[in-house]
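Report on the structure given below.
No value in this document is a laboratory result; all are computed from the given coordinates. Quantities reported herein were computed from a predicted structural model and do not represent experimental measurements. Note that each Cβ is placed from the backbone with ideal geometry, even for glycine, and that neighbours are counted across all protein chains shown.
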Amino acid sequence: MKESASNGVTIRKMEESDVAECLEIKYQYFGHFWGDPNDPSTKQTHDNYSKKKLDLSVSLIAELDGKIVGGYFLKKTKLPMYPGNFYDFTGDDTGVEGVSLFVHPDHKGKGVGHMLKHYYKENRRPDIKFIWGQAFHGLKNMGDWLKTRKLFNDMNGVYFTIEMYDESDWAKYPRTPYLDIYEETGSSAADHIEEMSKSGKTTEEMSEYLMDKAKISREEAAYFLSMIL
Ligand SMILES: CC(C)(COP(=O)(O)OP(=O)(O)OC[C@H]1O[C@@H](n2cnc3c(N)ncnc32)[C@H](O)[C@@H]1OP(=O)(O)O)[C@@H](O)C(=O)NCCC(=O)NCCS
């Protein structure tokens, strides 16, 4: 793995022995999402979930003078296939999911986050063609992600964004009618279906909606509904 260095900071692959320290830093920012941050069981839940999403073959550490100053939990994935994606991600390309990006409070604002965020764009691998991730609406950080990524879904209060490292790869992934629905109404087909279901609409009515608006077949609509409901 190549290293990058700027302002003395080095990016390297994360090792098993780095994980506990990374979890400590990450917990300061994300612990409260899991419950009372002062309750040890909250830390346990956070750590267990984070480790499940951690893939050491691609995750990264930022180091300064031999000390960890940040990290990026990443996971190798295929193209993200969610119901109602705004682009047709049929294809065999692989990339990474950005699971959690964090910089130690003493080292924020010095370009460390930037180095981690864009590492695989600047140190290209043929098996990493894109990076994608999920962000709760409540984080209010879409301005940050959409600098380089595109929104490809939005459901249950979570935004889904993706960056193709080769801009030309977008030619392989055309927009779908689900993006028209989103642009016209401001909410995704998945969220519409949730609403319809909550208000007591029948399966037939929901299928009709999808067939009409998303221009899909009855079979595809049935599959969509089976994934959402
Ligand atoms: C977000 C964070 C990693 C930025 O790192 P940093 O070293 O302080 O900032 P840098 O100056 O190097 O990097 C700035 C980059 O981070 C982005 N950024 C800043 N705040 C952000 C946020 N809340 N969410 C996502 N990205 C953010 C900036 O847009 C910029 O992106 P660019 O490099 O594409 O231009 C750091 O502030 C942090 O650990 N925050 C707490 C945890 C967090 O919010 N993580 C991201 C959400 S999962």
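Over all distinct Cα-Cα pairs of the range 83-229, the Kirkwood formula returns a hydrodynamic radius of 17.1 Å.
The relative contact order of the range 177-228, computed from alpha carbon pairs under 8 Å that lie at least 6 residues apart in sequence, is 36 percent.
Only beta bridges with both residues in the range 4-172 are counted; by DSSP, about 95 percent of them are antiparallel. Mean separation of Cα pairs under 8 Å and 6 or more residues apart, divided by the residue count, gives the range 146-199 a relative contact order of 27 percent. Dividing the mean sequence gap of close Cα pairs (under 8 Å, 6+ apart) by how many residues the range 95-229 holds gives a relative contact order of 17 percent. Per residue, the chain reaches -10000 deg cm²/dmol at 222 nm when only DSSP H runs of four or more residues are counted, each adding -39500 (n - 2.57).
Taken along the Cα-to-beta-carbon direction at a fixed 7 Å, the label points for HIS114 and MET81 span 3.8 nm.
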